[in-house]
There are 2 protein chains.
Amino acid sequence: MAAIPMAELWRGGMLESTHSGHAVICDETGHIVEAWGDPEAVIFPRSSCKMLQALPLIESGAAQAAGLTDAQLALACASHQGAGLHVGMVTRWLADLGLSEADLRCGAHEPYDRAERDRLICAHEAPCQCHNNCSGKHSGFLTLTKHLKAGPEYVELDHPVQRAVKAAFEEVTDEASPGYGIDGCSAPNFATTVHGLARAMAAFAAAPEGGSARQAAMHRLTRAMAAHPELVAGEGRACTELMRAMDGRVAIKTGAEAVFVAIIPERKMGIALKIVDGGTRASEAAICALLVRLGVLDPDHPATLKRLNAVQKNWRGFETGIVKAAPGFPG
Amino acid sequence: MAAIPMAELWRGGMLESTHSGHAVICDETGHIVEAWGDPEAVIFPRSSCKMLQALPLIESGAAQAAGLTDAQLALACASHQGAGLHVGMVTRWLADLGLSEADLRCGAHEPYDRAERDRLICAHEAPCQCHNNCSGKHSGFLTLTKHLKAGPEYVELDHPVQRAVKAAFEEVTDEASPGYGIDGCSAPNFATTVHGLARAMAAFAAAPEGGSARQAAMHRLTRAMAAHPELVAGEGRACTELMRAMDGRVAIKTGAEAVFVAIIPERKMGIALKIVDGGTRASEAAICALLVRLGVLDPDHPATLKRLNAVQKNWRGFETGIVKAAPGFPG
């Protein structure tokens, strides 16, 4: 099945650009409640699966041994914007492990956070690996590495950390991953279907606090993300603003190349979507449309209206266009 | 006709993202040499039509009266990155007109040029309208405004400047524009078909130096762009690097939302393309593929390989994927 139009940019009353994708809503049994495009399309979840990558951190006992807080677990699931808040937490976390920035393997990039970016520029200071949006996930990987007494190259495919991640990923998506790619942060990123990713999110959504070790881990990660939206992304960003708009009832996560997932405990449902062209504005509009459809996001909330039925303004503040859901999506 | 796949991102040996579009190659008679997708798809050319918007500047005699150089004309056709070079030229141009930055109507945004961006940040200085990537085009509009003794609101649809732009645009595309949108820089942007835009580029390509006033204007603008690639965009950017790679034989221009055009005098041909999702990496890959096909761009030139068959590296320099032309495109 082909991808179907999900989001559009209109200008001057005419369609300017259009984005197509695949999306699945799953229930707690792993069955499809509703799907658009091809539910069996194979995708790279990219950063949308960080909560899956964090499962071994908890299940192994490493998180407990290191005394990780829910805030740290939220940061382990984050694509943060390298604000002082995030960088400070990562720096302290590494110090608590007896490690330092040099032990990270995510690489350095300029932080998305304006204030921190400007501070670095004015100080003629290069960004460090703590600024990498994945440094929380990598701090989690290092916590597990230390717990397992494993070697320092924790992003290698055959490292015990990545072997544990792959096992958890395949178990929760309930699919044998057809392959992997190397992510921006150098960690392996395992492929799955949109259905598999939605199935995993539904498992998180349905996991009771007092269930199995896996369920307990899922329950804790979901609550950690939803309780700390500012750590999962940062001020102004979609994950942060939309989770705040939903008052901690739903955990959501974006991934590069226009993947978005949602964990909805009150419905015991999970969502996964991929815009085939990788356009983030479209994945943000589409996840809003699906969350509105399920009744968990207010279509008129400012965080929603920044992304769905989102008026575009130019440098002088004039309205130039609007980003909308495509006709018939989600229906 | 539907858009056809033109560019793909591969990761770990699997297709991660895909981009579709429409493209037309036209000859000097305005006929289609080859087309992909729907040649009659209506698009906003955005900044790709700046050379069309500059025609009245020359044809009116305003450029000559103001003594504009070819470098200034190249800047009038530019989406520059607000480097010191560009901002300095715009500032002097406005002063020569007896005007200032406050007379611009493009709005201010942070420059794309790193050095100038960092200079502003460290000086706690806000970007001004001269930093806007369209400030050269607007300096051209102001030159024409002054020549016509017209009012200061030169971006309004019924201002003599925009009326002249619309007339030239419709004549050279050989189509009645079905409408307009407001561009990022507040100027009207007239819609046309991909065919109409390619037809206009072919007219530029075929225009002789000693032809009609319009042909002379087209000839001069094409040569001005091709002779000053650093002014049309800036260091590291596609237009600049690819025009350099073609040694001034071809003029090319990108536009927002993934439009790209090319003027190829030696073939008396024009190209226009639009990636429907607005993804710039795909419009850059697709224009490279078409220029290679026409024999005017070396597929192995570093500027080409940055955009077509372009190896993607992550923050640690590891290869993570590749951007390629889609199978069958351009054939």
Looking at segment A:11-22, which of its residues are within 9 Å of another protein chain (Cβ to nearest Cβ) and touching an Asp or Glu at 6+ places or on another chain (Cβ under 9 Å)?
A:11, A:15, A:16, A:17, A:18, A:19, A:20
Please work out if residue A:237 is open to solvent by 40 Å² or more (accessible area, probe 1.4 Å) and under 23 Å from residue A:35 (Cβ atoms).
no
Filter segment A:80-95 down to the residues that are assigned to a helix (DSSP H, G or I) and either open to solvent by 10 Å² or more (accessible area, probe 1.4 Å) or free of Cβ contacts under 8 Å to residues at least 60 places away in the same chain (or both) and list them by number.
A:84, A:85, A:87, A:88, A:89, A:90, A:91, A:92, A:93, A:94, A:95
Subset of segment A:31-52 (residues that are open to solvent by less than 10 Å² (accessible area, probe 1.4 Å), more than 10 Å from chain B (Cβ to nearest Cβ) and not hydroxyl-bearing (Ser, Thr, Tyr))
A:45, A:49, A:50, A:51, A:52
When segment B:16-30 is examined, which residues are found to be on the phi < 0 side of the Ramachandran plot and surrounded by fewer than 19 Cβ atoms within 10 Å (Cβ to Cβ)?
B:27, B:28, B:29
For segment A:237-331, please list each of the helices (runs of 4 or more DSSP H) lying entirely inside it that holds at least 1 residues being touching a strand residue (DSSP E or B) at 6+ places or on another chain (Cβ under 9 Å), farther than 30 Å from residue B:126 by Cα and more than 13 Å from chain B (Cβ to nearest Cβ).
A:238-245, A:280-293
When both residues are 6+ apart or on different chains and their Cβ atoms are under 6 Å apart, which pairs have a first residue that lies in segment B:232-254 and is within 15 Å of residue B:201 (Cα to Cα) and in contact (Cβ under 8 Å) with a residue 40 or more places away in the chain, and a second that is part of a loop (DSSP other than H, G, I, E, B) and among the β-branched types (Val, Ile, Thr)?
B:250/B:296
Residue B:111 open to solvent by 10 Å² or more (accessible area, probe 1.4 Å) and not hydroxyl-bearing (Ser, Thr, Tyr)
no
Here is a check on your reading of the model: is residue B:326 open to solvent by less than 20 Å² (accessible area, probe 1.4 Å) and within 18 Å of the chain's Cα centre (by Cα)?
no
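Here's the yes/no breakdown for (1) at pLDDT below 95; (2) part of a loop (DSSP other than H, G, I, E, B):
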| residue | (1), (2) |
| --- | --- |
| A:1 | yes, yes |
| A:15 | no, no |
| A:38 | no, yes |
| A:56 | no, no |
| A:63 | no, no |
| A:71 | no, no |
| A:78 | no, yes |
Of residues in segment B:146-172 being without any contact (Cβ under 8 Å) to a residue 24 or more places away in the chain and of a type in the set (Lys, Arg), the one surrounded by the most Cβ atoms within 10 Å (Cβ to Cβ):
B:163
On the given criteria, is residue B:180 of a type in the set (Phe, Trp, Tyr) and over 30 Å from residue B:30 (Cα atoms)?
no
Among the residues that make up segment B:291-311, is at least one of them on the phi < 0 side of the Ramachandran plot, under 16 Å from the mean Cα position of the chain (by Cα) and crowded, with 20+ Cβ neighbours inside 10 Å?
yes
In segment B:182-223, the residues that are more than 14 Å from every other protein chain (Cβ to nearest Cβ) and among the charged types (D, E, K, R):
B:199, B:209, B:214, B:220, B:223
State the number of residues belonging to segment A:173-189 that are in contact (Cβ under 8 Å) with a residue 40 or more places away in the chain and either buried (at least 24 other Cβ atoms within 10 Å of the Cβ) or in a loop (DSSP other than H, G, I, E, B) (or both).
9
Here are the criteria: (1) open to solvent by 10 Å² or more (accessible area, probe 1.4 Å); (2) more than 10 Å from every other protein chain (Cβ to nearest Cβ). Tell me which single one residue A:121 does not satisfy.
(2)
Given the options A:207, A:198, name the one that is in contact (Cβ under 8 Å) with a residue 40 or more places away in the chain and not charged (D, E, K, R).
A:198
Contact list please: Cβ distance under 8 Å, first residue in segment A:259-276 and over 23 Å from residue B:16 (Cβ atoms), second residue of a type in the set (D, E, K, R), pairs at least six apart or on different chains.
A:264/A:249; A:265/A:249; A:266/A:249; A:268/A:27; A:268/A:28; A:269/A:27; A:269/A:28
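The values are calculated or read from the model by the stated rules, or taken from the named source; none is laboratory data. What you see is a predicted model, and the numbers here were worked out from it, not measured in a lab. All Cβ positions, even for glycine, are placed from backbone atoms using ideal geometry, and neighbour counts span all protein chains on display. To get the accessible areas, we keep the full protein, side chains included, count just its heavy atoms, and leave off ligands, DNA and RNA. Shrake-Rupley method; radii C 1.70, N 1.55, O 1.52, S 1.80 Å.
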